[in-house]
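Worksheet: the structure to be examined is printed underneath.
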Amino acid sequence: MRKPFVAGNWKMNTDSETCVSLAKSIASGSREVAGEGVKVAVCPPFVYLQAVARVLSASSIAVGAQDLYTESKGAFTGEISALMIKDIGCSYVLCGHSERRHVIGESDELINKKVTTAINGGLLPIFCVGEMLEEREASRTSEVVSGQIKNGLASLSAEKISAVTVAYEPVWAIGTGLTATPQQAQEVHALIRELLAEMYGGQPAEEIPILYGGSVKPENAAELMAERDINGLLVGGASLKADDFVAIIKAVA
Ligand code: PEP
C-alpha cells in the first residue's frame, strides 16, 4: 500500500534561525505519524538545506530542494547540481513549480531535462503541473496539463518514472486562498493517471503518487485526500506554520 505523501514548499521564506526552529517543531509535532502512516518532506531555500537536513537527520522527515540545474558541475554561475543537493543529505527536488514556469520562465523542455537530471543524480523529483486561471476559464485545463505531462516526462523510461512524484497545482489556487474543490482536483488527477497509464502502462501509473497543491489547509486536507486519485499534498503557505503543517500531516496519516 502506498503511503500518503505530504511535502512542504517553503519557497523564499525563513532565515537561519527560523528554518531550524520550524524544522524542529514540525519534527516533534509529527513524530508519531511521520514515516509511519505518512511520508513527509520539506523543501527549504537552497542556503538553509544543510541546516534543515542536519536538524531532521534523526527524524523520518525527508528534505528536498526547490530546484536544480541540468549540469553536474562547471561554469554555471549561481546554479546548483543534483550531486550537490544529494551530497548535503536531500532526497527530493521540486521540478517545474508554477513559480519557476511563470515567474522565471522555465519551459517544458528545460523542466524535462531537470526531471531527468534529478533522477540520474539519485534524487526523487516532485514534478509540478497545473493550468492558469485563463486557461481553466477557456476550458483548456486538460490540454494544458496533458501537454505539461507529456513534454515534462518525455523520453523517461518506465524504470525511471518510478522515481517521480507528480504534483497537480492549479496556478489560480496557489497562494490565493482559493482551493480547487475535491471534485475539480480529482477530475484532473484522473486525467493525469490516465495519461501516465497510456505512457507507462496501468500498473506503473497506479503506483505513481499524484499530489494536489493549491491553498491546502488543515481544514481541507482530509476532504481532498478522500478522492481516489489524490495521493498526497504539496503545501506552500501552511507549511511555514508548524501547527498547520503538522495538522495537515495528521489529517492525512
Ligand atoms: C505551492 O507553492 O506549491 C503551493 C501549493 O502554495 P500554497 O499552498 O501557498 O497555495
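The values are calculated or read from the model by the stated rules, or taken from the named source; none is laboratory data. As the structure is a computational prediction, the values presented were derived from the model and not from experiment. Quick reminder, even Gly has a Cβ in these numbers, built from the backbone with ideal geometry, and neighbours come from all protein chains shown. Just the protein is used for accessible areas: all its heavy atoms, side chains included, with ligands, DNA and RNA removed. Shrake-Rupley method; radii C 1.70, N 1.55, O 1.52, S 1.80 Å.
How much of the accessible area of the chain, in percent, comes from carbon and sulfur atoms when a 1.4 Å probe is used? Answer for the chain: carbon and sulfur cover 51 percent of the accessible area.
The GNM of the chain, with springs linking C-alpha atoms under 10 angstrom apart, assigns the highest mean-square fluctuation among VAL42, VAL129, VAL55 to VAL55.
Distance from the alpha carbon centroid of the range 124-184 to that of the range 231-253 works out to 20 angstrom. Name the shape class, rounded, prolate or oblate, that the alpha-carbon gyration tensor gives for the range 1-141, where a ≥ b ≥ c are the square roots of its eigenvalues, rounded holds for a/c under 1.5, and otherwise prolate holds if a/b is larger than b/c and oblate otherwise. Note, shape of the range 1-141 comes out oblate. Given +1 at the Cβ of Lys and Arg, -1 at the Cβ of Asp and Glu and no other charges, the dipole of the range 151-253 around its Cα centre is 240 debye to the nearest 20.
Less than 5 angstrom separates the built amide H of VAL216 from those of GLY236, all sequence-distant by 5 or more or on a different chain. With one equal scatterer per alpha carbon and no solvent term, the Debye-computed log10 I(q)/I(0) for the range 130-232 at 0.10, 0.16 1/Å reads -0.26, -0.67. Pairs exceeding a 23 Å alpha-carbon distance, out of LYS150/LYS241; LYS73/LYS113; LYS24/LYS73: LYS150/LYS241; LYS24/LYS73. Solvent exposure of GLU159, expressed as accessible area, is near 150 Å², computed with a probe of 1.4 Å over the protein chains only.
The residues packed around GLU131, meaning those with a beta-carbon under 13 Å from its beta-carbon, carry a net charge of -3 if Lys and Arg are +1 and Asp and Glu are -1.
Straight-line cross-link reach from LYS39 at under 14 Å between alpha-carbon atoms covers no aspartates and glutamates, not counting any fewer than eight positions away in the same chain.
Taking every protein chain into account, the accessible area of the chain amounts to 44 square angstrom per residue (probe 1.4 Å).
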